[in-house]
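Undergrad: Got a structure here, written out as structure tokens. Questions coming.
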Amino acid sequence: MNVNYFGTVNTIKACLPSLKRNNNQDSHILLFSSLAGIFGLYGYSAYSPSKFALIGLAQVLAMEFRPYKINLTVAMPPDTNTPGFEQEEKGKPLITKLISKEGGLFEAKDVASKSLKDCLRKEFLSTSGLNGFVLSILCSGMMPTRSRIKQIIEISTMGLFRLIALFFLDSCNQIIDKHHESIITENLKDTITKESKKD
């Protein structure tokens, strides 16, 4: 929370006075959440809540900043090929890897380019890839959108995407059920081995 949420809040606070003074022309704030900020994923209990919090913050600030012509965009990147992601993969639980591989791996330059374009177009949400698009529709509920076309797409596809999501969630549950017991057994074996070496 300190970095993902409070770090973002403090940065916005520092910039806000100059952004407000600039209210005769549009200003832009681009926040980085994650797809894990709209979809709680196994293994991300320490990460996802802070990213969910950014979405809530962005919704509030989009309303509060409107009179000052400060536009707000929240980027929700998928798994992105960065040194940080490489490091994360080393300690990521097997179940998390199996579930998240469905979304593929995106290049950092492509995600950054899409996020910036969406910010300059004054989109509230910025996603990459088909999974990101589907998740953004499913979670659009009370999120702002400026585009009438996007509003029509959200209204007309939400039912279908909810059906697809239910199948995906069932697939996630099957992965958890299949692998959870073997992971516990493996962890128990490791613990017993470590304890026996101490003796």
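The values are calculated or read from the model by the stated rules, or taken from the named source; none is laboratory data. Please read all numbers here as calculations on a predicted model, not as lab measurements. Using ideal geometry, Cβ is built from the backbone for each residue, glycine included, and neighbour counts are taken over all protein chains shown.
Undergrad: Taking Val60 and the conditions (1) modelled with pLDDT of 95 or more; (2) of a type in the set (A, V, I, L, M); (3) surrounded by 15 or more Cβ atoms within 10 Å (Cβ to Cβ), which numbered condition does it fall short on, given that it satisfies the others?
TA: Checking Val60 against (1) modelled with pLDDT of 95 or more; (2) of a type in the set (A, V, I, L, M); (3) surrounded by 15 or more Cβ atoms within 10 Å (Cβ to Cβ), the one that fails is (3).
Undergrad: Report yes if Gly129 is free of Cβ contacts under 8 Å to residues at least 60 places away in the same chain and exposed (fewer than 15 other Cβ atoms within 10 Å of the Cβ), otherwise no.
TA: Answer is no for this residue.
Undergrad: Taking segment 89-121, which residues are of a type outside the set (Phe, Trp, Tyr), closer than 30 Å to Pro144 by Cα and surrounded by 15 or more Cβ atoms within 10 Å (Cβ to Cβ)?
TA: Once the filter is applied, which keeps residues that are of a type outside the set (Phe, Trp, Tyr), closer than 30 Å to Pro144 by Cα and surrounded by 15 or more Cβ atoms within 10 Å (Cβ to Cβ), segment 89-121 yields Ile99, Ser100, Gly103, Val111, Ala112, Lys114, Ser115, Leu116, Asp118, Cys119.
Undergrad: Taking segment 10-39, which residues are within 25 Å of Ser136 (Cβ to Cβ) and exposed (fewer than 13 other Cβ atoms within 10 Å of the Cβ)? Can you show your working first?
TA: Narrowing segment 10-39 to residues within 25 Å of Ser136 (Cβ to Cβ): 11-12, 26-39.
Listed by number, the residues that qualify are Thr11, Asp26.
Undergrad: I would also like to ask the following. Look through Leu120, Leu135, Leu105 and report the one residue that is over 22 Å from Tyr5 (Cα atoms) and touching a Ser or Thr at 6+ places or on another chain (Cβ under 8 Å).
TA: Criteria check complete, one pass: Leu105.
Undergrad: Going through segment 30-44 one residue at a time, which ones are over 16 Å from Asp118 (Cβ atoms) and in contact (Cβ under 8 Å) with a residue 24 or more places away in the chain?
TA: Here is the first cut: in segment 30-44, the ones over 16 Å from Asp118 (Cβ atoms) are 36, 39-44.
The answer is Phe39, Leu41, Tyr42, Gly43, Tyr44.
Undergrad: Considering Ile149, Ile184, which residue is under 30 Å from Glu64 (Cα atoms), modelled with pLDDT under 95 and of a type outside the set (Asp, Glu)?
TA: Among Ile149, Ile184, only Ile149 is under 30 Å from Glu64 (Cα atoms), modelled with pLDDT under 95 and of a type outside the set (Asp, Glu).
Undergrad: Output the residue which, of all residues in segment 52-88 that are assigned to a strand (DSSP E or B) and among the β-branched types (Val, Ile, Thr), is farthest from Lys109 (Cα to Cα).
TA: My answer is Ile70.
Undergrad: Same structure again: How many of the residues making up segment 132-164 are part of a helix (DSSP H, G or I), under 16 Å from the mean Cα position of the chain (by Cα) and buried (at least 17 other Cβ atoms within 10 Å of the Cβ)?
TA: Looking only at that region, the number is 6.
Undergrad: If you don't mind, there's one more thing I want to ask. So which residues in segment 1-51 are among the charged types (D, E, K, R) and assigned to a loop (DSSP other than H, G, I, E, B)? Full working, then the answer.
TA: From segment 1-51, those among the charged types (D, E, K, R) are 13, 20-21, 26, 51; that's our starting set.
Selection gives Asp26 alone.
Undergrad: Collect the residues in segment 97-124 that are in contact with a Pro (Cβ under 9 Å, 6 or more places away or on another chain), modelled with pLDDT under 95 and within 27 Å of Asp26 (Cα to Cα), keeping them in residue-number order.
TA: none
Undergrad: Would you confirm whether or not segment 97-108 contains a residue that is in contact with a helix residue (DSSP H, G or I) (Cβ under 7 Å, 6 or more places away or on another chain), closer than 23 Å to Pro17 by Cα and outside any helix (DSSP H, G or I)?
TA: Scanning segment 97-108, I find no residue that is in contact with a helix residue (DSSP H, G or I) (Cβ under 7 Å, 6 or more places away or on another chain), closer than 23 Å to Pro17 by Cα and outside any helix (DSSP H, G or I), so the answer is no.
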